[in-house]
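One structure is given here, and the rest of the page talks about it.
Laboratory data are not the source of any read-out in this text; all were calculated from the coordinates shown. Note that this is a predicted model, so its numbers are computed, not measured. Because the Cβ atoms are built from the backbone with ideal geometry, glycine has one as well, and the counts that use them run over all protein chains shown.
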Amino acid sequence: MPEALSAHELEPSGHTDTFCAVHLPPRELWPVRDWSAVPELDYPVRLNCAAELLDRAIDRGDGERVALRSFTERWTYRELLERANRIAHVLVDDLGVLPGNRVLLRGPNTPMLAACWFGVLKAGGVVVCTMPLLRERELRFVADKAQLTLALSDTRFVEECELGLAMRANGGRRQGARTVHFGADAPGSLEALMRDKPSSFDNRDTAAEDTAIIAFTSGTTGQAKGTMHSHRDILAITDCFPRHVLKASPDDVFCGSPPFAFTYALGGLLLFPLRIGASALLVEQGAPPHLIKAIAEHRPTVCFTAPTGYRAMHAMLGEHDVSSLRLCVSAGETLPVSVFESWRDATGLGIIDGIGATEMLHIFISASGDDIRPGATGKVVRGYTAKIVAGDGTDAPVGTIGRLAVRGPTGCRYLDNPERQAEYVRDGWNFTGDSYRMDEDGYFWYQARTDDMIISSGYNLSGPEIEDVLLEHAAVQECAVIGVPDEARGQLVKAVIVLRSGFEESPELVKEMQDFVKARIAPYKYPRAVEFVETLPRTSTGKLQRFRLREPSA
């Protein structure tokens with residue numbers, strides 16, 4: 001069971017709007033959060049993470065270093081701080097934001113969106129960052145769930161935002177949330193409101209355990225869920241994976257594909273570089289052709305993207321110089337060995353794989369440098385512990401497949417969702433929904449999502465293992481392997497494949513692929529059914545939605 005309340009959890013909240021505290025899960029369903037393993041996690045009980053990441057940068061002498069850059073702008077740490085301070089003044093002085101109010105952010109990755117993120121936290125608000133491509137219906141769901149007070153939107157995305165936030169349910173009545181746009185210095189814009197504001201701001205006094213952000217999951221298994229993370233959580237992820245695995249330096253320039261609403265990007269493209277005085281190149285369009293072009297032209301040194309991004313960029317290496325890169329990080333989905341090896345052979349760089357979760361905020365298992373074992377996700381990141389749990393709830397023996405359970409300085413606390421909370425957190429452990437095995441050296445080897453494990457004729461089969469083999473076939477661009485109902489076998493292995501240009505589906509190609517798999521792994525694992533499609537269903541963060549492939553209409 002979770003441990004007794006710590007001094008941090010007993011510290012009075014700085015929020016006057018108590019929505020977040022009221023809608024936390026029941027205390028008995030909280031995960032155990034252990035902050036003792038890493039000395040750097042001994043933060044004060046009164047904490048505003050925006051102040052720690054920005055104001056402290058000035059204190060340590062980084063004011064004139066470049067913090068954020070885009071294709072057209074360069075902001076120093078001092079300029080970012082001053083803009084965030086002016087935004088905080090607008091929020092408090094003009095828009096009436098109270099500590100604890102939820103403020104939605106909408107737009108692609110830009111320096112201004114980053115300034116808004118910090119401005120909200122400085123004002124004591126709670127950031128609810130959304131994917132730029134969410135539509136009215138999805139935005140309305142977020143607005144209702146988080147009971148938003150205000151939205152700050154890039155002017156290019158403001159119309160859908162206003163529609164989604166126009167009216168929402170609130171205690172039986174309907175009310176709207178105001179939207180203020182930025183990105184065009186027009187009357188009523190955020191820039192216009194900022195113009196005469198002071199460049200300094202007295203940061204709101206918040207407790208370390210006050211909620212700082214509500215991050216919504218990307219919906220790989222259905223409707224998105226809001227996850228609540230404190231100011232302490234935000235700092236904790238900057239002092240675990242990046243400090244002990246990534247090991248970047250202040251001279252590094254970070255870049256990547258995912259939007260800030262994806263906590264993988266929030267850490268990798270904003271929090272991690274700012275924690276150490278480095279800088280970030282913010283790319284508005286993160287698709288592989290745009291990302292690799294940005295790398296070639298702007299010469300960043302650290303890249304965060306998904307396995308599909310590296311696979312696509314590999315095919316473009318002949319046209320773009322990526323030699324500036326020295327660290328490459330992959331997360332969001334399992335990293336196929338074929339992608340790791342092809343990228344390493346072409347660039348000399350071993351990709352740092354990692355598993356994280358929106359519920360856990362960032363990566364908790366990973367490895368870098370000589371510690372990388374291709375095919376393994378890695379070892380537990382310092383500050384976390386993990387284990388494999390068998391079907392009967394006991395700890396699984398080394399080398400056997402079971403459910404991954406993890407705990408550490410961060411953990412799952414769903415917004416107003418006690419039923420799902422009780423599924424995710426058990427006896428203080430976070431169950432991520434992944435099947436793994438751990439070897440005798442402490443390396444964790446991904447098998448599948450627990451709901452994606454295929455049980456066929458008594459065998460437990462890993463879809464990603466079969467996918468990894470199929471991706472080695474010259475005709476396969478992308479693929480997903482799922483289990484479909486079968487009267488004789490329980491489940492049948494089915495491969496859903498996107499072909500490379502120049503290849504056409506045919507019975508002969510199907511048999512060729514089946515024989516290809518049989519020749520490389522145990523023959524009983526081959527896909528007995530093969531379907532060719534134009535695209536695979538993915539979330540806005542690029543994660544594969546296998547549940548859609550299992551739907552009858554798929």
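Structural remarks
- Taken as a whole, the condition of being touching a residue at least 40 places away in the same chain (Cβ under 8 Å) and among the hydrophobic types (A, V, I, L, M, F, W, C) does not apply to Val322.
- You will find that of Arg102, Arg106, Arg65, the residue that is among the charged types (D, E, K, R), farther than 14 Å from Leu190 by Cα and within 25 Å of the chain's Cα centre (by Cα) is Arg102 and no other.
- Within segment 472-502, restricting attention to residues that are under 30 Å from the mean Cα position of the chain (by Cα) and among the charged types (D, E, K, R), the residue that is nearest to Tyr524 (Cα to Cα) is Lys494.
- Subset of segment 473-519 (residues that are of a type in the set (Gly, Ala, Ser), outside any strand (DSSP E or B) and over 12 Å from Glu531 (Cα atoms)): Ala474, Ala475, Ala488, Ser501, Gly502, Ala519
- Within segment 299-333, the set of residues being closer than 24 Å to Thr432 by Cα and assigned to a helix (DSSP H, G or I) comprises Pro307, Thr308, Gly309.
- Some residue of segment 361-384 being farther than 18 Å from Val245 by Cα, crowded, with 23+ Cβ neighbours inside 10 Å and in contact with a Leu (Cβ under 8 Å, 6 or more places away or on another chain): no
- Tyr414 of a type in the set (Phe, Trp, Tyr), buried (at least 21 other Cβ atoms within 10 Å of the Cβ) and over 20 Å from Leu29 (Cα atoms): no
- Some residue of segment 335-343 being without any contact (Cβ under 8 Å) to a residue 12 or more places away in the chain and among the hydrophobic types (A, V, I, L, M, F, W, C): no
- Qualifying residue in segment 290-299 (condition: buried (at least 24 other Cβ atoms within 10 Å of the Cβ), touching a residue at least 40 places away in the same chain (Cβ under 8 Å) and within 21 Å of Cys129 (Cβ to Cβ)): no
- Residue check for Leu148: in contact with a Leu (Cβ under 9 Å, 6 or more places away or on another chain), within 16 Å of Ile213 (Cα to Cα) and in a loop (DSSP other than H, G, I, E, B): yes
- Taken over segment 281-298, the criterion of being of a type in the set (Val, Ile, Thr) and either under 22 Å from Ile363 (Cα atoms) or in a loop (DSSP other than H, G, I, E, B) (or both) is satisfied by Val283 alone.
- If you go through segment 239-270 and pick out every residue that is over 20 Å from Gly309 (Cβ atoms) and surrounded by fewer than 24 Cβ atoms within 10 Å (Cβ to Cβ), you end up with 7.
- Considering (1) surrounded by fewer than 22 Cβ atoms within 10 Å (Cβ to Cβ); (2) outside any loop (DSSP other than H, G, I, E, B); (3) without any contact (Cβ under 8 Å) to a residue 60 or more places away in the chain, the lone condition that Val103 does not fulfil carries the number (1).
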